[in-house]
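Structure, as structure tokens:
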Amino acid sequence: MNRPRRSALAAVATAALLGMSACGGDAELSGADEPLRVGASPVPHAEILRFIDEELAEDAGLDLDVVEFTDYVQPNVALDDGSLDANFFQTVPYLEEQEANAGYDFTALEPVHIEPLGLYSATLTDVADLPDGATVAIPNDPTNAARALRLLESNDLLTLADTGDKAPTALDIDENPKNLEIQEVEAAQLPRSLVDVDAAVINGNYAIDADLSPAEDALVLEEAEGNPNANLLVVRSGDEDDERIQQLEELLHSDEVRQFIEDTYEGAVLPAF
């Protein structure tokens, strides 16, 4: 795909955040003349934000400061402690799980895009060839683990017990005809785990960052239609009326961003607006 490639180092993001905190970052948003600090996963979130920063923000009067994170935990920690004004990396189900566990008081804005989870393999080209007793790696956070298990179930690889409103875990596997061994791995490490397992369910952003094409390389892919797992901008509750937040939210849902997503990711990332 023809798109910008940028590597992100957690140490750089951490140093940047420490610098922000040293300059007086707290739970209050900076004034309207200050840069809007947004934490994001490198791909596609930070790439989308940089497109906005380079092509759209100046005309809108928005000064955007993008801080990259390579994990799914620190962006919410940084938003909660005031080091960030917003973050752009997560879905509503993941946010709800984080709020329940950590006590965050955040507000999710409108859906921007969907990154379908996919099942990938370094050795197989057809899901039907997955051997008996195969090891399948899935994300280790509860929300994405549940998505991964449902993806496996929807492709007849296993059956899950009815858990009602509770997200299923590997303990809720009811039928496992292929005797799959489910191995939970930190989401960002899943592409690297492909050499050690028969297959892995990988989040779309990490697949793209590892030069995997969800549309071409996935053995099976999560359906986009009716998918509740759209990615969106998240802010501390009460900050959604900040003028800079409203400007960014408008730009994230612009025709230009829609076109950028469609042209850059070629179906691996889908606009959700």
Rounded to whole Å and sorted largest first, what semi-axes of the equivalent ellipsoid does the C-alpha gyration tensor of the chain yield via the square root of 5 times each eigenvalue? 34, 20, 16
With n ≥ 4 as the cut-off for DSSP H runs, can you work out [θ] at 222 nm for the chain, using -39500 (n - 2.57) per run divided by the number of residues, rounded to the nearest 500? -9000 deg cm²/dmol
For Ala86, net neighbour charge (Lys/Arg +1, Asp/Glu -1) across residues whose Cβ lies under 11 Å away: -3
Kindly rank 73-84, 101-112, 188-199 from highest to lowest mean number of other beta carbons found within 10 Å of each residue. 73-84, 188-199, 101-112
Please compute, for the alpha-carbon atoms of the range 196-252, the extent along each of the three principal axes and give them in descending order in Å. 48, 25, 20
Mean Cβ count within 10 Å, highest first, over the residues of peptides 113-122, 149-158, 227-236: 113-122, 227-236, 149-158
Calculate the tail of P(r) for the range 40-93: the fraction of all Cα-Cα distances greater than 13 Å, expressed in %. 59
Counting pairs of alpha carbon atoms under 8 Å apart in space and at least six apart in sequence, what relative contact order in percent does the chain give? 28
At a threshold of 8 angstrom on Cα-Cα distance, excluding pairs fewer than six apart, so keeping six or more, what relative contact order does the range 118-221 reach in percent? 45
Only Lys, Arg (+1) and Asp, Glu (-1) charged, at Cβ; the chain dipole about Cα centre in debye: 740
Thr123 neighbourhood, Cβ < 10 Å, K/R = +1, D/E = -1, net charge -2
Please give the peptides 210-218, 241-249 ranked by average Cβ packing (other Cβ atoms within 10 Å per residue), highest first, as a rough proxy for protection. 241-249, 210-218
Calculated P(r) of the range 118-221 - Cα pairs past 20 Å, %: 30
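None of the figures in this text is laboratory data; all of them are computed from the coordinates on show. Source: prediction; values computed, not measured. No Cβ is skipped: glycine too gets one built from the backbone with ideal geometry, and neighbour counts run over all protein chains shown.
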